[in-house]
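Just below is one structure, and these are the notes that go with it.
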Amino acid sequence: MAGRIRDEDVKAVRDAVPIDAVVAEYLQLRNAGGGNLKGLCPFHDEKSPSFQVSPSKGLYHCFGCGEGGDTLAFVMKLDHLSFTEAVERLAAQAGITLRYEEGSHVPGRQQGERIRLVEAHRAAAAFYQEQLGSAEAEIGRQFLAARGFDQAAAEHFGVGYAPAGWDHLVRFLRGKGFTDKELIVAGLASESRRGGAIDRFRGRLIWPIRDITGEVIGFGARKLREDDQGPKYLNTAETPLYHKSQVLYGIDLAKKEIARTGRAVVVEGYTDVMACHLAGVTTAIATCGTSFGGDHIKILRRLLMDDATAEVVFTFDGDEAGQKAALRAFEDDQKFAAETSIAITPGGMDPCELRLAEGDAAVQRLIDGRSPLFAFALRSIVSRYNLDTDEGRVAAVDAAVPVVAAIKNQALRDRYAIRLVGMAGIASQAEEQSMIRRVRAMARARAGGGGRPDPVRPQRGGSYGPPQGQGGAQQAPAGPRGPRLDLRSPAHRVERELLKLALQYPQLVSPAFDAYGEDEFTGPPYAEVRRVIEAAGGVERADAEYLVRVREAAPDDTVRMMVTELAVEPVMHKVPEIYAGEVLVRVRMNAVERRVGQVHAAHARLAAQGMPADAPEMTAVQGELWALQQYGQRLRVQGAAAL
């Protein structure tokens, strides 16, 4: 195993790679105010963004599921990396050479497995791309040219060629220091009958498949020769890097335009993605050897931000198989806040064939001529029935009503209810009104639990979390929880605000905050955070590494999560410089009032026991009460100057 990475190198990596730049590789971020950014959480499903990033703090936190941490924690969690692998990946991006405790750069084979597999794929992609220029690859170049793709297009998409021999790639990668075991695990090679490694892809045109960050994680290979007995397309098998249900070809090239335009175009193959991009439809993506499903939806939702004005356009051939694929896509419509549309290619042509036959403008017209997916689904359902008979018309309506009831926009739902009456051939004003009532009733039943209910958001008072209104997240997966906080309590709210100021603006509450005791925080989790701030040196020692020290001082993940949450959640005032003094006074005033109540109770107990007014115990109680009352008066009159 590799030695421990030096602390100063880990710090250099944290400082060199901004957290917002890393997170933006995976999801769209928008301004959340207060210098923070927000987006849809990549760790759980939610309908409105509760995931916040604080670039100035280098932290993220989801107020829906509680996940939070720094840049390294984000990469570790989302890409399933170890700490060392996450540091190595970000260091490579930043061009930082890491040093290990042994005193030398770690040998390649000692790096984390995932990093090694990524490097092997990167080297393989370069090898295949270079091979496309070889004499043997002439058949591959002809294939591309016949589909309208020149050398520049091939280079833009990284298209390559796998030589027909048994072990060209294996020998090349062995020379780069990779073992046969690594190549087999990566899916780049297969185990031969003799126990060695042989190339998985041979004599085929190769498309590199990249994840959303642009790393090559697999390949798609197209058969070129008649004597190739394999399938037309052969993709990388499931590996630690490559999971076909979670991959969208072209997402690395399309993600910025998808986020900018609020539109994604889903096509069926690699050449279709190429044709669309070259024709100006640069939001095109495709699945890799599997149908469009739930994991693909999650990727798109993070880019589209579930904006109701966003759109997902599916392109399918007009044949029966294409219609079935479109109806499968419609089943997932409710998983998008975005509208879903369909573009049917003319004459059974796919976008690549359409571009070749009619040019780039035809591809643009195809997308511009899209129609709502539920309209297509409605027509497809009704067309299955014999509308010349009463029985057929009734059956068609019964089958189509659930489709109409599923439309999210109520006004549009009513219009399609009327359209359904016309499509079924039973149009009349009475039938239209009856259909509207029927569709509305079914929609209400679904919303009220007659259909699949939405998860219920947990009450904030029962666990760590921000005040009500911090986001509309769905129920989060179970995670570490702390003692109960009543966030309707004014005392708990103001304690939360003071801790947020102490973590985000330590200079505004210094040095007064360091004199506050744990007993001034009535919420047990808040008292724990106060304790770790003190353990990290207090606010007076706040510097560039202050938050790192506070998080490291946390005794467990629950407290660390709370620190991260408070460091990211915006303070409830636009001018923290004014607000800080007010909050300091309110927390101290609450503590004084609680102590006054305790002293009054002690005085009452002594009096009930018959204690004389001049007894030392009574004198001490009365003296403390007088001092507290005087201090409280100074706080009310002088504010922060009395602290």
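Values quoted throughout were computed directly from the atomic coordinates according to the rules given, and no laboratory measurement underlies them. Please read all numbers here as calculations on a predicted model, not as lab measurements. FYI the Cβ positions are ideal-geometry reconstructions off the backbone, even for glycines, and counts take in every protein chain you see.
Tabulated values for the structure
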{"item": "Ascending count of other beta-carbon atoms within 10 Å, so fewest first, for Leu412, Leu253", "result": "Leu412, Leu253"}
{"item": "Exposure proxy ranking, count of Cβ atoms within 10 Å, fewest first, for Val575, Val583, Val265, Val313", "result": "Val575, Val313, Val583, Val265"}
{"item": "Per-residue ³J(HN,Hα) for the range 124-135, Karplus 6.51 cos²θ - 1.76 cosθ + 1.60, θ = phi - 60°, Hz, x for Gly and Pro", "result": "5, 4, 5, 4, 4, 5, 5, 5, 5, x, 6, 5"}
{"item": "Simple label model, 7 Å out from Cα along Cβ direction - Gln429 to Ala615, nm", "result": "9.1"}
{"item": "FRET efficiency, Arg446 to Asp390 (Cβ-Cβ, R0 30 Å, nearest 0.05)", "result": "0.60"}
{"item": "log₁₀ of I(q)/I(0) at q = 0.09, 0.19 Å⁻¹ - the range 480-609, Debye sum with one point per alpha carbon", "result": "-0.27, -1.04"}
{"item": "Reachable lysines from Lys11, criterion Cα separation under 23 angstrom, eight or more residues apart if same chain", "result": "Lys57, Lys77"}
{"item": "Gain upon complete extension [Ser383, Glu138; 0.36 nm per residue less C-alpha separation]", "result": "83.5 nm"}
{"item": "Shape category assigned to the range 253-313 from the gyration tensor of Cα positions, a/c cut at 1.5", "result": "oblate"}
{"item": "Additional length obtainable on full extension of the chain from Asp20 to Ala92, 0.36 nm per residue less Cα span", "result": "24.2 nm"}
{"item": "Relative contact order computed over the chain (Cα-Cα under 8 Å; 6+ residues apart), in percent", "result": "11"}
{"item": "More than 14 Å apart - percent of Cα-Cα pairs taken over the range 1-45", "result": "64"}
{"item": "Spin-label pair Arg174/Trp626, simplified geometry with 7 Å Cα→Cβ offset, distance in nm", "result": "9.5"}
{"item": "Net charge of neighbours whose Cβ lies under 11 Å from the Cβ of Glu311, counting Lys and Arg as +1 and Asp and Glu as -1", "result": "0"}
{"item": "Global size of the range 391-448 as Cα Rg and Dmax, reported in angstrom", "result": "10.5, 31"}
{"item": "Which of Tyr579, Tyr526, Tyr546, Tyr161 has the fewest Cβ neighbours within 10 Å, and the rest in rising order", "result": "Tyr579, Tyr546, Tyr526, Tyr161"}
{"item": "Rg/Rh for the chain, where both radii come from Cα atoms and Rh is the Kirkwood radius", "result": "1.09"}
{"item": "Theoretical FRET efficiency, 1/(1+(r/R0)^6), r = Cβ-Cβ of Asp7 and Arg415, R0 51 Å, to 0.05", "result": "0.20"}
{"item": "Förster radius 22 Å - calculated FRET efficiency between Asp150 and Arg122, Cβ distance, rounded to 0.05", "result": "0.35"}
{"item": "Intensity falloff of the range 9-164 expressed as log10 I(q)/I(0), Debye formula with alpha-carbon point scatterers, at q = 0.10, 0.18, 0.19 Å⁻¹", "result": "-0.55, -1.01, -1.05"}
{"item": "Per-residue HN-Hα couplings for the range 425-431 [Karplus 6.51, -1.76, 1.60; θ = phi - 60°; Hz; x = Gly/Pro]", "result": "x, 10, 5, 6, 4, 5, 5"}
{"item": "Long-range amide H partners of Ile209 with built H, under 5 Å", "result": "Ile217, Gly218, Phe219, Gly220"}
{"item": "Value of [θ]222 nm, deg cm²/dmol, for the chain, DSSP H segments ≥ 4, -39500 (n - 2.57) each, nearest 500", "result": "-15000 deg cm²/dmol"}
{"item": "Computed label-point distance, nm, for sites Asp398 and Asp295 using a 7 Å Cα→Cβ extension", "result": "3.9"}
{"item": "Contact order relative to length of the range 7-109, as percent, for alpha carbon pairs under 8 angstrom and 6 or more apart", "result": "21"}
{"item": "Amide hydrogen neighbours beyond the local backbone of Phe314, cut-off 5 Å, H modeled", "result": "Val266, Ser341, Ile342, Ala343"}
